[in-house]
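First the structure, in the form of structure tokens, and then the observations on it.
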2 protein chains.
Amino acid sequence: MTTSERVTAAVLIIGDEILSGRTQDVNLNAIAKYLAAYGVDVCEVRIVPDVEQEIVDAVNALRHRYDYLITTGGIGPTHDDITADSVAKAFGVTAPEHPEIMALLRERWGEPNAARRRMAHVPEGGTLVKNPVQGPPGFQIGNVFVLAGVPAIMRGMLGDVGPRLRTGAVVISKTVRVTGSGEGTIAAPLEGVAKAHPDLSIGSYPFFAPPDLYGASLVIRGRDPAQVDAAVEELVAALTEAGVKGIERMPEGA
Amino acid sequence: MTTSERVTAAVLIIGDEILSGRTQDVNLNAIAKYLAAYGVDVCEVRIVPDVEQEIVDAVNALRHRYDYLITTGGIGPTHDDITADSVAKAFGVTAPEHPEIMALLRERWGEPNAARRRMAHVPEGGTLVKNPVQGPPGFQIGNVFVLAGVPAIMRGMLGDVGPRLRTGAVVISKTVRVTGSGEGTIAAPLEGVAKAHPDLSIGSYPFFAPPDLYGASLVIRGRDPAQVDAAVEELVAALTEAGVKGIERMPEGA
């Protein structure tokens, strides 16, 4: 593996409650940060309702396009939990009751009712993803990981995802913050540095807190730490040269 | 308009910073709640990077499929702000400098520099969306609304979006919360009510707070208030009949 190798992922969030605004999604952010530590870039996200054909279409669009697809939501026992069956359909297989999950359910509940048996559905060929928190496991089929929607449970399951990934070179991110100058002032020096470093991803994220705090976080991301550091220094020099005030090099992760 | 008419929307969030996990998106939630008050349902969301072809493809996929598309992000003056030009490309038009925005920029900055002039790009045929907060306006072209990414500014712009929408019948949402029973116990009575009301959307959203708080919010959504109320009563009766404890009718909006 070279440092330029890029491993990609998509995230598919399944749930009417996110689309209706009832629930604020926090799983994407947790997944993106988790995958970043493995050098895996989240490149696209879709959020779809609890509708089988929507899930099937999104799974097939995303699993073919990216190295990995991570889904969240819809693996419980209620009628609206249709993710396992939908993912099976996307792969053209059935989703029988998995013996290990059935054993877990029997241990917990005695003979499980029909609703709980739904939680044992795993597409043929799938392997289980450990759930160290509460309830039944998730599963992996091909390059698709199917995780719970409840954030605490989803984060617990992620621990069994990372070790299965083909990892990439980790992206280093450094931030230069400019306070009290607008993006219109920053743009020209920033673009000069961006053009000089086509291998880096350089973004400007304005902040604005009324009445008078404003500025932008200039984020330089790349897989070669020396190049990232060099770009930071070039950017600070270019901003200073352009007369921009309020320049700060932020600590990593800021 | 009948109460069964459904008006649909998609949301397209444009920005590397959301995908990388640097920033937690909060715009989707605000947009979904805002549109709900106009009876407009968010049916799909995509999040794409600051890459022209990705934006063009997503805009064209979503604007043809839904009544409205709302985009956020990428309308500032820096090199990574490519939304206006990308949306223009999706529509097959150019994005010249809009005279009203140029006038605003001149009023604020004198003759604006090249970076700030980017903020005046509006696709041909587009109309401006007021920005009552800070900076230049967004725009509408066809059924696509292009808004800022900074949440406070995005929310301000939404005020000029609602009055332009064809409105639908507003969805009423009522919640029955069950504490101390798992979804496996709730599932059968819930499914019975869901099957009796195919026009309603009935979802179960488990909650879980270690060590021992758990249960589910059962959300009944529909456009006919009488039917929603009837389903709530049927659900409470069916849960009670099934021996479920800890049933609460929640106040609206809970």
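Some points to look at:
- From largest to smallest, the equivalent ellipsoid semi-axes obtained for the range B:172-249 from the alpha-carbon gyration tensor read 21, 13, 10 Å.
- Of all beta bridges that DSSP places with both ends in the protein assembly as shown, some 65 percent have antiparallel geometry.
- Inter-chain Cβ neighbour average for residues B:180-186, partner chain, 10 Å: 6
- Rh (Kirkwood; distinct C-alpha pairs) - the range B:19-99, Å: 14.1
- Fraction of antiparallel bridges per DSSP, chain A only, in percent to nearest 5: 60
- Projecting 7 Å from Cα along the Cα-to-Cβ direction, the label point of B:Gln24 sits 0.6 nm from its equivalents in the other copies, listed shortest first.
- Efficiency of FRET between B:Ala114 and B:Leu213 - r from beta-carbon atoms, R0 51 angstrom, step 0.05: 0.35
- Evaluated at q = 0.11, 0.15, 0.17, 0.20 Å⁻¹: base-10 log I(q)/I(0), Debye formula over Cα of the range B:7-164: -0.38, -0.73, -0.95, -1.34
- FRET efficiency estimate (nearest 0.05) - Cβ-Cβ, B:Ala37 to B:Thr8, R0 25 angstrom: 0.95
- Inter-label distance for A:Val26 and A:Asp57, nm, one decimal - labels placed 7 Å from Cα along Cα-to-Cβ: 3.2
- Semi-axis lengths, Å, the protein assembly as shown, gyration tensor of Cα atoms, sqrt of 5 times eigenvalues: 42, 28, 19
- The range A:1-67 and the range B:163-185 have Cα centres separated by 25 Å.
- Restraint check, B:Lys89/B:Lys130; A:Lys245/B:Lys130; B:Lys195/B:Lys245; A:Lys89/A:Lys130, Cα-Cα greater than 28 Å: A:Lys245/B:Lys130
- Its alpha carbons give the range A:134-196 an Rg and a Dmax of 20.3, 54 Å.
- Using equal-weight Cα scatterers in the Debye expression, the normalised intensity of the range B:83-216 in log10 at q = 0.11, 0.13, 0.20 Å⁻¹ is -0.64, -0.71, -1.12.
- Taking amide H atoms as placed 1.01 Å from N in the peptide plane, the amide H of B:Phe145 lies under 5 Å from those of B:Leu69, B:Ile70, B:Thr71, each 5 or more residues away in sequence or on another chain.
- Using the Cβ-Cβ distance between A:Arg65 and A:Val170 with R0 = 30 Å, the FRET efficiency computed as 1/(1 + (r/R0)^6) comes to roughly 0.85.
Computed from the coordinates by the stated procedures, all read-outs in this text should not be read as laboratory data. Note that the coordinates shown come from a computational prediction; the quantities given were computed from them, not determined experimentally. Every residue, glycine as well, gets a Cβ built from its backbone with ideal geometry; the counts of neighbours run over all protein chains shown.
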